[in-house]
């Protein structure tokens with residue numbers, strides 16, 4: 001689905017995005033000064049976040065499991081005139097990297113597709129320097145439940161046994177996929193057990209896109225028609241959740 005996703009989604013290469021229709025780094029300020037920092041972006045897609053960070057002087061490695069996404073990333077990096085080291089790989093296995101070589105590990109809407117999140121977190125901790133920062137934005141656990149358009153409310157039937165969402169997406173010509181949801185308590189415990197000290201948990205509300213002009217909409221770092229159709233739900237129930245943490249020395 002890489003081609004259709006990149007064609008229908010507008011993602012900034014100047015601001016780090018943290019979720020569909022949500023504020024980005026310019027507003028939230030989660031990363032601080034990244035000049036000279038060694039950054040690893042996981043599940044980078046077309047590497048828009050990595051390109052934005054490279055423009056700020058970071059030394060960036062971007063990894064994705066999709067060759068098609070990486071082709072988009074190469075074209076974007078060349079167009080924007082920045083250098084990003086692009087690699088194909090699995091977030092659960094970072095064996096191509098030595099221990100302790102990254103100051104920042106970032107992932108935007110990729111962790112929800114990882115079957116073995118424990119392995120992924122342990123690998124993230126291994127490749128990070130002591131005191132390094134982890135910033136992950138992923139799908140909120142409440143996104144596991146259906147939104148009722150008629151009553152305009154969410155049907156939460158069992159928060160403590162979150163389902164796995166299977167999506168065949170035949171229109172994109174792919175074999176299928178799955179979304180894995182995790183409660184906030186579970187994520188906190190997994191981060192702590194993997195050697196991280198959690199600093200912040202954010203549930204950002206979306207920009208008020210129904211009140212914005214076309215020029216204002218263009219400043220939203222991550223948007224698209226599919227997301228805008230879900231605005232009513234996203235404005236009332238969190239869709240994005242962001243975790244920031246430090247690797248304990």
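The numbered conditions (1) within 18 Å of residue 140 (Cβ to Cβ); (2) touching a strand residue (DSSP E or B) at 6+ places or on another chain (Cβ under 7 Å); (3) at pLDDT 95 or above; (4) surrounded by 14 or more Cβ atoms within 10 Å (Cβ to Cβ) are all true for residue 238 except (2).
Contact annotation: residue pairs with Cβ atoms under 9 Å, 6 or more positions apart or on different chains, pairing a residue in the range 215-228 that is free of Cβ contacts under 8 Å to residues at least 40 places away in the same chain with a partner that is part of a loop (DSSP other than H, G, I, E, B) and surrounded by 14 or more Cβ atoms within 10 Å (Cβ to Cβ), are 216/207; 217/207; 219/12; 219/15; 219/207. Hey, any hits in the range 78-87 for a residue that's on the phi < 0 side of the Ramachandran plot, assigned to a helix (DSSP H, G or I) and surrounded by 15 or more Cβ atoms within 10 Å (Cβ to Cβ)? For the range 78-87, residues on the phi < 0 side of the Ramachandran plot, assigned to a helix (DSSP H, G or I) and surrounded by 15 or more Cβ atoms within 10 Å (Cβ to Cβ): present. Search the range 1-30 for residues being touching a helix residue (DSSP H, G or I) at 6+ places or on another chain (Cβ under 6 Å), modelled with pLDDT of 95 or more and assigned to a loop (DSSP other than H, G, I, E, B), and hand back the single one that is surrounded by the fewest Cβ atoms within 10 Å (Cβ to Cβ). Top of the filtered list is 14. Got at least one residue in the range 69-77 being assigned to a loop (DSSP other than H, G, I, E, B), surrounded by fewer than 24 Cβ atoms within 10 Å (Cβ to Cβ) and touching a residue at least 12 places away in the same chain (Cβ under 8 Å)? Within the range 69-77 (the criterion being assigned to a loop (DSSP other than H, G, I, E, B), surrounded by fewer than 24 Cβ atoms within 10 Å (Cβ to Cβ) and touching a residue at least 12 places away in the same chain (Cβ under 8 Å)), the answer is no, since none of the residues qualifies. Looking at (1) assigned to a strand (DSSP E or B); (2) without any contact (Cβ under 8 Å) to a residue 60 or more places away in the chain; (3) farther than 30 Å from residue 104 by Cα, can you tell me which one residue 147 breaks? It fails just one condition, (2). Among the residues of the range 176-188, at least one is assigned to a loop (DSSP other than H, G, I, E, B), in contact (Cβ under 8 Å) with a residue 60 or more places away in the chain and within 22 Å of residue 136 (Cα to Cα).
On inspection, residue 90 qualifies as in a loop (DSSP other than H, G, I, E, B), surrounded by fewer than 20 Cβ atoms within 10 Å (Cβ to Cβ) and within 16 Å of the chain's Cα centre (by Cα).
When every residue of the range 136-143 is checked against the conditions, none turns out to be buried (at least 17 other Cβ atoms within 10 Å of the Cβ) and farther than 19 Å from residue 19 by Cβ. The residue of the range 52-63 that is surrounded by the fewest Cβ atoms within 10 Å (Cβ to Cβ), among those that are in contact with a strand residue (DSSP E or B) (Cβ under 8 Å, 6 or more places away or on another chain) and closer than 11 Å to residue 83 by Cα, is 59. Exactly one residue out of 189, 197, 193 is surrounded by fewer than 17 Cβ atoms within 10 Å (Cβ to Cβ) and in contact with a strand residue (DSSP E or B) (Cβ under 9 Å, 6 or more places away or on another chain), and it is 197.
The values are calculated or read from the model by the stated rules, or taken from the named source; none is laboratory data. Keep in mind that what you see is a predicted model, and the values were worked out from it rather than measured. Glycine also receives a Cβ, built like all others from the backbone with ideal geometry; neighbour counts cover every protein chain displayed.
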